[in-house]
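The values are calculated or read from the model by the stated rules, or taken from the named source; none is laboratory data. All of these numbers come straight from a predicted model, not from anything done at the bench. Please note: Cβ atoms are built from the backbone with ideal geometry, for glycine as well, and neighbour counts cover all protein chains shown. Keep in mind that these areas ignore ligands, DNA and RNA; they rest on the heavy atoms of the full protein, side chains included. Shrake-Rupley method; radii C 1.70, N 1.55, O 1.52, S 1.80 Å.
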Amino acid sequence: VDIPNGRTSHSGMIPSLGGFAIFVAISITLLAFTNFQTNPDIQYLLGGLLIIFFIGLKDDILVIDPYKKLLAQIVAAAMLVFLGGVQFTSLHGFLGIHDIPSVVGAPLTIFVIIVITNSFNLIDGIDGLAAGIGILISLLLGVWFYYIGQYQLALVALAFTGAYIGFFYFNISKGDNKIFMGDTGSLVLGFTLAFLIIHFNELNLVEQKMNLASAPAVSFGLFIVPLFDRARVFLIRAIRGKSPFNPDKQHVHHRLLHMFNSHLKTTSIILIFNALFIALVFFLQHLHISELMVVELATAGIISYLPVMLIRR
């Protein structure tokens, strides 16, 4: 169970092993329906998820040293990159760089996987937020993969969508059936979405039924809430002379929760923002990657400052 402390935003002891049910549901679905011969990288996704699952499970039950947790994530990501062959091969012209060698692409991919994985872990602070954003991204990617004929990747994305929809209902509920996903659920979610977004970028390098001109910037736009919020909080902590890993209540969802005193309202506002932001990014995807990134950072920066300004006033 999750026991309330000075940082948590709930009262009472809540079961925190929702990630266990999520992992079981996803594993059964992928083992039953995916074709490992067509997409052998999916079996390495499952192998990496198994490592992520057990490290998250141990953290939920006993608490684990953060460095051991990071090491396990690196091992899981390395399995995906070196055995599964899942890695970035191009920057799509960002900063004038196109094709990149494996010696650069491999560590870059591992870094991106770890950043995205932990970003979902950090925003899992209020009911429905991490799961809701995960559902939004995985559903969108699943539809895109299906549309371009990548049915195995679509199956992975939509299996996660279904599993987290099932969890979402109980996560936002009140009473005896309420449950948290814990580190197990948030790490599994982030790890898999990282796997999917790497494929999204790589598939946009070849001619498809629907290509996006600025795939890396579009990818950042999809993950704007976890990635930008993490960067913003780390920057605030660094400016104040604190460790970037020192927990506090500087996240946007904490500010909104202070304003509305409601998990459901706060989650709904952030999900609506994320959906509108994704729509904006797709509308502007014809821009150069650097230009679209500037638009994304400026828009996210202004909107994330609004709660702080309103609280001060």
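Some values worked out for this structure:
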| quantity | calculated |
| --- | --- |
| Criterion (open to solvent by less than 10 Å² (accessible area, probe 1.4 Å) and either over 16 Å from the mean Cα position of the chain (by Cα) or β-branched (Val, Ile, Thr) (or both)) met by exactly one of GLY105, GLY142 | GLY105 |
| Considering residues of the stretch 238-247 that are at pLDDT below 70 and more than 20 Å from the chain's Cα centre (by Cα) only, the residue nearest to LEU122 (Cα to Cα) | ASN246 |
| Residue list for the stretch 44-73, restricted to those being of a type in the set (Phe, Trp, Tyr) and either modelled with pLDDT of 90 or more or under 14 Å from GLY190 (Cα atoms) (or both) | TYR44, PHE53, PHE54 |
| Unique residue being open to solvent by 20 Å² or more (accessible area, probe 1.4 Å), under 24 Å from LEU129 (Cα atoms) and among the aromatic types (Phe, Trp, Tyr) when the list is PHE191, PHE168, PHE160 | PHE168 |
| One residue from LEU196, LEU155 being open to solvent by less than 40 Å² (accessible area, probe 1.4 Å), touching a Leu at 6+ places or on another chain (Cβ under 8 Å) and under 21 Å from ALA130 (Cα atoms) | LEU196 |
| Qualifying positions in the stretch 24-45 - surrounded by fewer than 15 Cβ atoms within 10 Å (Cβ to Cβ), in a helix (DSSP H, G or I) and without any contact (Cβ under 8 Å) to a residue 60 or more places away in the chain | VAL24, ILE28, LEU31, ALA32 |
| Unmet requirement for GLY48, which otherwise passes all of (1) surrounded by fewer than 17 Cβ atoms within 10 Å (Cβ to Cβ); (2) touching a Phe, Trp or Tyr at 6+ places or on another chain (Cβ under 8 Å); (3) within 20 Å of ILE197 (Cβ to Cβ); (4) not acidic (Asp, Glu) | (1) |
| Filter result for HIS98 (at pLDDT below 95 and in contact with a Pro (Cβ under 7 Å, 6 or more places away or on another chain)) | no |
| Any hit, the stretch 279-296, residues being among the β-branched types (Val, Ile, Thr), touching a residue at least 12 places away in the same chain (Cβ under 8 Å) and farther than 17 Å from ALA215 by Cα | no |
| Residue check, LEU287 at pLDDT 75 or above and either surrounded by fewer than 16 Cβ atoms within 10 Å (Cβ to Cβ) or in contact with a strand residue (DSSP E or B) (Cβ under 7 Å, 6 or more places away or on another chain) (or both) | no |
| Filter result (more than 19 Å from the chain's Cα centre (by Cα), within 30 Å of ALA213 (Cα to Cα) and outside any helix (DSSP H, G or I)) within the stretch 48-87 | GLY84, GLY85 |
| For THR34: the one exception among (1) under 16 Å from ILE114 (Cα atoms); (2) modelled with pLDDT of 90 or more | (1) |
| Test result for PHE54, closer than 22 Å to PHE223 by Cα and open to solvent by 80 Å² or more (accessible area, probe 1.4 Å) | no |
| Sole residue being modelled with pLDDT of 85 or more and under 19 Å from THR299 (Cβ atoms), chosen from ALA217, ALA231 | ALA217 |
